[in-house]
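The values are calculated or read from the model by the stated rules, or taken from the named source; none is laboratory data. The structure presented is a predicted model; accordingly, all values stated were derived computationally and were not measured. Cβ atoms come from the backbone with ideal geometry, glycine included; neighbour counts cover every protein chain shown.
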Amino acid sequence: MEEGLAARLLTSIETDRLVIFCGAGLSMAPPSLVPSAREVARACSTKYEDITAFTVSTDLREDIERLAEFFYAQGNLQSFFIRHLVPWTLFKTNPNPGHFAIADFLACGVFELGLTTNVDSLVEIAADTLGQSNFQASLDGNEATLTHQNHNPFLKLHGCYVRDQGNTLWCSSQLNVAPLMDKIASSKRWLQGYLLNRDLLVIGFWSDWAYLNHVLEDCVNTIEPNFIVLVDPDEAINLTRKAPNLWNWAANGNVNFVHVRESGAEFLNDLRRRFSRRYLERLAEASKPTYMGMTGSHFAGPVRFSDAATAEELYALRTDFSGKKGSDVPRTKRPDLSMHQLGASHLLLMANGAVLEGSIYVIDGKRIRLVHGAGELLSSVKSRFSREPPPPVSVDIVICVGADDDGGVPTNVVREQGAANIIRGGISGEWVTLDQARQQIGI
């Protein structure tokens, strides 16, 4: 991603304006490899021929909409084509980095809204993998208003094969009858109010599923956003041919428009990496006064995190710095005052020669994890984190910044005899407060 564009998108995030539209091109990227429209048409045709011994004509075999219209005209689009011919197992695959970025960004508020024409559930699977177990996509404008609780809305414009497989959108004729006609109308009304003065990041619409783009066109053609970034590796001339109305809407000269010829999944992963790195740098910068209060001196070193750090490594740091265990999701878009002691602890480790390896600090041969524990007892933090998946690497010390030492014993259990100022064993390494860590490793 070009640096100027990255700065523009980070500005859009900061001002609460960024919305993402994603289509089939996103889910076709590895490792998801959801099939193209042509591949689905061929699979449906082959299965139909196997069942009936009827030869599907060439013009239908290569065109999913015409094939779907054929079954719609026979009155068995839902009962036969959708339920028996569509190769749904090919949609049951693994999320790619773009899906994880969307799930993360909807949870922490980077994206004000996610809109997709994909019927797969890969964003939902990614959200569940990250720890957002109650992630709920919306199927129309009414649901988008009412159902989302712990994340920003994610509207599936063409339906969802998990929640309502029979009413997924395959051909234009479906748009003239309920329930899809009503769902699209509800979505259109809601979107036209929600998208005013937004910046739009458009990923993967210009694919060979382009026949469905008119649904999106109908929903957005009266909206004039501030800024549109289209991410698609294809050339402009081909994108214009595949979706002329969408191209004219985006590139009409009245809107600041940028076309980035890049994989949507890779672009989103890069945006997630850049956002996470800047989040951590902002926290470190804001924590300098706290560091001075802790040490009596100014922090002289740089606060930049490595450009080589991956999106996953930086996300793990955001998670720990937010006080979330590895099976939960961070929900803050901006670092807050409660995190400044943790940010100062990061500066303290770096000032004493620590090196970040992924999300773990290494100093004098010891591997250290920083966790936000403000307002909790040390044993409570450890108990909560005991329910996270095993860490990929073991650590020697876990510093619970801001946590209060209770000797490692829950309040309803009688304390054992002897020193118990460090919690040992159980999860990974020694669990200590910041004061205990400073004495133990001499920082």
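The table that follows gives values for the structure above.
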item: Cross-chain or 6+ apart pairs with Cβ under 8 Å, segment 85-107 first and buried (at least 17 other Cβ atoms within 10 Å of the Cβ), then basic (Lys, Arg); result: Leu85/Lys47; Pro97/Arg272; Phe100/Arg272; Ala101/Arg272; Asp104/Arg272; Phe105/Arg272; Ala107/Arg331
item: Residue ranges of strands (runs of 3 or more DSSP E) in segment 199-272 with at least 1 members modelled with pLDDT of 85 or more, among the β-branched types (Val, Ile, Thr) and in contact with a Gly (Cβ under 7 Å, 6 or more places away or on another chain); result: 199-203, 227-231
item: Filtered residues of segment 184-198 (kept if over 26 Å from Thr11 (Cα atoms) and either touching a helix residue (DSSP H, G or I) at 6+ places or on another chain (Cβ under 8 Å) or in a strand (DSSP E or B) (or both)); result: Ile184, Ser186, Ser187, Lys188, Arg189
item: Per-region count, segment 329-374, residues closer than 26 Å to Asp104 by Cα and either of a type in the set (Phe, Trp, Tyr) or part of a loop (DSSP other than H, G, I, E, B) (or both); result: 13
item: Residues satisfying the stated conditions in segment 339-355, i.e. touching a residue at least 24 places away in the same chain (Cβ under 8 Å) and crowded, with 18+ Cβ neighbours inside 10 Å; result: Met339, His340, Gln341, Leu342, Gly343, Ala344, Ser345, His346, Leu347, Leu348, Leu349, Met350
item: Filtered residue count, segment 166-185, keeping only those that are in contact (Cβ under 8 Å) with a residue 24 or more places away in the chain, surrounded by fewer than 19 Cβ atoms within 10 Å (Cβ to Cβ) and over 15 Å from Phe81 (Cβ atoms); result: 2
item: Residue selected from segment 228-257 under the condition of a type in the set (Val, Ile, Thr) and in contact with a Leu (Cβ under 6 Å, 6 or more places away or on another chain), by the criterion farthest from Met1 (Cα to Cα); result: Ile228
item: Set Thr55, Thr89: member being over 20 Å from Cys160 (Cβ atoms) and hydroxyl-bearing (Ser, Thr, Tyr); result: Thr55
